[in-house]
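Note sheet for the following structure.
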Amino acid sequence: MQASVAVAEALDAGNLTAPPVAGAADFAVAGLAVAIAALAVAASFVLVSFDAHAAGQGRLRRILDLGPSLCGPRLLLAFFVGLLAAAEMLRLPFFRGATMLPSRRHVMPCLAYPLVAHGIAEPGLLASVLLLLRASVGSARLPAAALAVPLACLPFLTAHVAVLATPATVAAYPGQLAHAADSVGHCAYPAYAATLLLALVAVYLPLLATACWDVAAVAINRRLRARAYALSVLILVPLPLQVLALALTSVWDMHQYTSPTVGLVGFVAVAVAAEATLVILVMLPVHDSLVLVQQLPAATAGQEAPDDDHGR
């Protein structure tokens, strides 16, 4: 079966370039990816531990939106953040060297990167954030609505798979749209993937902005309102920067370190958004609950003391 244009371009790039040597930008990306993955694992552990610890405090969990219905979407959010960090490893030279691929196939992980990162991980992340925001104002019914998160990935995943799997005889588009590596073998970002990422951000940005503002409008105190505004800024600003940075790697091939550096900028942008969602939507609600658990016995004791005195 004939290969697709994207796969053929990757094989040609593998013939023309040697496996690249990792630079400072690559090691910076690796360190940041490990940190994000560790935060996602820590958030999952904290959430599961709290859920087990607070099993008998149903009223408190309902007040703070920490019941079982929201545990699933929060775990989904942590999973997709971790997957996004893991996918970043696909485009790093030392990972590609560890896969022991034949020399002409060393560019193939560069094609897998947008498929995993922006066909699965980022759509799932954004859908999970939107679901949690909508659920916090009563616009989504959980846990049934959580099924929409995997479904939200399907259009973008299908589009990526179609580009990679459709033979060139069926869809013969210009090869420039599928360049996955620069002139020295560093992973670039294919133009078709940049187009799909732009579509993803264009769909979710207005939805997330509206959801954040809705949460801020019904927030019960200034602290929760400030969190909603901070989340909106930390999502709405980095995501367009990510699209711009990754799109540049598909058209800008002036120096051997251009692609890794611009790719680092794009990953830092989405890392800011991912970490903000984990902290604001997973970690801080658990922290609020633990603080309230400590304050509740003192408040109860203060209310019972006057009643005892009155009885005497």
Calculate what fraction, in whole %, of the accessible area of region 125-170 sits on carbon and sulfur atoms when a 1.4 Å probe is rolled over the protein chains.
-> 71
Can you list the residues, at least 5 places off or on another chain, whose amide H is less than 5 Å from the amide H of residue 181, using H built in the peptide plane?
-> 188
Label points 7 Å out from Cα along the Cβ direction at residue 105 and residue 41: separation in nm?
-> 2.9
In nm, to one decimal, how far is the modelled label at residue 2 from the one at residue 162, with both set 7 Å along Cα→Cβ?
-> 1.9
Measure off 7 Å from each Cα along the Cα-to-Cβ vector at residue 169 and residue 11, then give the distance between these two points in nanometres to one decimal.
-> 1.4
Extension length gain for residue 28 and residue 229 (0.36 nm per residue less Cα distance), in nm, is 69.4 nm
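The values are calculated or read from the model by the stated rules, or taken from the named source; none is laboratory data. Computed from a predicted structure; not experimentally measured. Cβ coordinates were reconstructed from backbone atoms using ideal geometry, including for glycine residues, and neighbour counts include every protein chain displayed. Heavy atoms of the whole protein, side chains included, go into the accessibility calculation; ligands, DNA and RNA do not. Shrake-Rupley method; radii C 1.70, N 1.55, O 1.52, S 1.80 Å.
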